[in-house]
1. If packing is taken as the mean number of other Cβ atoms within 10 Å per residue, what is the order of 171-179, 256-264, 236-244, highest first?
2. Consider a paramagnetic label point 7 Å from the Cα of residue 210 along Cα→Cβ; state which residues of region 54-78 have an amide N under 13 Å from it.
3. What list of ³J(HN,Hα) couplings, whole Hz, do you get for region 200-208 from phi and the Karplus terms 6.51, -1.76, 1.60, once you set θ to phi - 60° and write x for glycine and proline?
4. Roughly speaking, what is the stretch gain from residue 254 to residue 203, that is 0.36 nm per residue apart minus the C-alpha to C-alpha distance, in nm to one decimal?
5. Using the Cα gyration tensor of region 82-164, with a ≥ b ≥ c the square roots of its eigenvalues, what is the shape: rounded (a/c below 1.5), prolate (a/b larger than b/c) or oblate (neither)?
6. Heavy atoms only, 1.4 Å probe, whole protein assembly: order 64, 102 by accessible area, highest first.
7. Principal axis lengths of the chain from Cα atoms, whole Å, largest first?
8. As a test of the formula, what do you get for the chain when each DSSP H run with n ≥ 4 contributes -39,500 (n - 2.57) and the sum is divided by the residue count, at 222 nm and rounded to the nearest 500 deg cm²/dmol?
Amino acid sequence: MSAIERLKDGYQRITRELSKAIVGQQRVIEELLIAIFARGHCLLVGVPGLAKTLMIRTLADALHLSFSRIQFTPDLMPSDITGTEVLQEDKATGQRLFKFLHGPLFSNVILADEVNRTPPKTQAALLEAMQERQVTVGGNKHRLPDPFFVLATQNPIEQEGTYPLPEAQQDRFMFNVLVDYPEEEEEFRIVQMTTGIHQANVERVLSATDILEMQDLVRKVPVADYVIRYAMKFTRLTRRDKGDVPDFIRKFVTWGAGPRATQFLVLGGKARAVLHGRYYVSCEDIRAVAIPVLRHRIITNFNAEAEGVKPEDIVRRLTEIIPRDPNEEQLAKVRSA
């Protein structure tokens, strides 16, 4: 309990520090922190000018972590991000040896800016680092620092000359976070802050060691069987050809979510529970992370596009029909009837 209280306190302090530089975006900040403490990666989708880069840089400062920003372009090669081997001469012996020069991936927090603007070969090099937490250069494996987070951004508007991430690669990201426009008062405060002499002085709240300890703590949070089955229903009901699924799934969905979605739902629920000071996971925690986990894992069809139905709309409808507690099973059957 004391460790959970410390993590909750750390979460509140991080939020306060981020608010010095970022106006609003509380949901986005919470989802980023949930992913970090669950050892996941995030794909941030939003139009330019919504402070995505500033948010990630400020988060790295508050967490006392090393930070690298990689601007993905069509001519970027894998060695530009992973590093490369160079031939050097040892002045003492006269021998020539290969020495590995680390690329920008060797940092704790990686901002992969506009990840869909680089060719698949470079995208694959990034995704190896995300999944294996290592890079392979010249047949040698090089471990990446721990903790290691990739926060990639995409512009949803302009898709000219881009290389969209395949669904299998998007599945590597724990969350797909939508960064939306600010509210009117928030935009007013943003303009006030950014057109004056205001400079945010962000204090360092947690160290890399603290984060690793908290990640271990999140893994130890117990989950009741009915909560796991509740999370499973979200993913299993998106598979149109498997079992008894709702009619709107058959109408709007081409492909549903895989088992990794259930894993991330449970891990996200654990992290959210701890951040809110609880040592158990509830169905409310699963519902809170369902949209960012499933948004990029549900592939809709032409019918959905024609009627303006998005993956998050499908998740919301699933939230309404899936019983939140074993005692609600009978009530759910009455509603569906």
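The values are calculated or read from the model by the stated rules, or taken from the named source; none is laboratory data. All of these numbers come straight from a predicted model, not from anything done at the bench. Cβ sites come from the backbone with ideal geometry, for glycine too, and all protein chains shown count toward neighbours. Accessible surface areas use protein heavy atoms only, side chains included; no ligands, DNA or RNA. Shrake-Rupley method; radii C 1.70, N 1.55, O 1.52, S 1.80 Å.
1. 171-179, 256-264, 236-244
2. Residues 60-65 fall inside that zone.
3. Once θ is set to phi - 60°, the couplings for region 200-208 become 6, 10, 8, 8, 7, 9, 10, 9, 4 Hz.
4. Length gained between residue 254 and residue 203: 13.7 nm.
5. On the way: a/c = 3.04, a/b = 2.13, b/c = 1.43.
Prolate is the answer for region 82-164, as a/c is 1.5 or above and a/b outweighs b/c.
6. Details: 64 95, 102 120 Å².
Largest accessible area first, the residues go 102, 64.
7. Here the spans come out as 82, 42, 42 Å, largest first.
8. -14000 deg cm²/dmol
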